[in-house]
Amino acid sequence: MSATEVIGAKDRENGGVPLLPTGISSLLAAANSINDLLPFLVVMIAGFLVGAWGQASRSAIAVIAGMILIMIAIGGFLADNGAGPIPDVLK
């Protein structure tokens, strides 16, 4: 079974809801082009690399810095492309 068959498959017991969300397609739909994603991906990859280096060298500050870089990338992407509908509680 290929990945497209799994993503396109429907759960018959759950009223036809897809089994797996199409994450990359929704991510690309949120950005206008791949060039819009590039700065966020660079910061996120840098965060993973800094965090992995910090874990390998047992440096808690580097691990925390990597985590912060990842959060900055996610927050920046959501702020730039819209975070979706605002819950009623926050209105």
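The values are calculated or read from the model by the stated rules, or taken from the named source; none is laboratory data. All of these numbers come straight from a predicted model, not from anything done at the bench. With ideal geometry, Cβ positions are generated from the backbone for all residues, glycine too; neighbour counts draw on all protein chains shown.
Worth pointing out:
- Looking across the stretch 55-66, the residues that are assigned to a loop (DSSP other than H, G, I, E, B) and exposed (fewer than 13 other Cβ atoms within 10 Å of the Cβ) come down to S57, R58.
- Qualifying residue in the stretch 74-82 (condition: at pLDDT below 95, out of contact with any strand residue (DSSP E or B) (no Cβ under 9 Å at 6 or more places or on another chain) and in a loop (DSSP other than H, G, I, E, B)): yes
- Inter-residue pairs, beta-carbon under 7 Å, first surrounded by 13 or more Cβ atoms within 10 Å (Cβ to Cβ) and at pLDDT below 95 and in the stretch 31-54, second aliphatic (A, V, I, L, M) and part of a loop (DSSP other than H, G, I, E, B), 6+ apart: L37/A31
- Single match in L69, L27 (criterion: surrounded by 11 or more Cβ atoms within 10 Å (Cβ to Cβ), part of a helix (DSSP H, G or I) and at pLDDT below 85): L27
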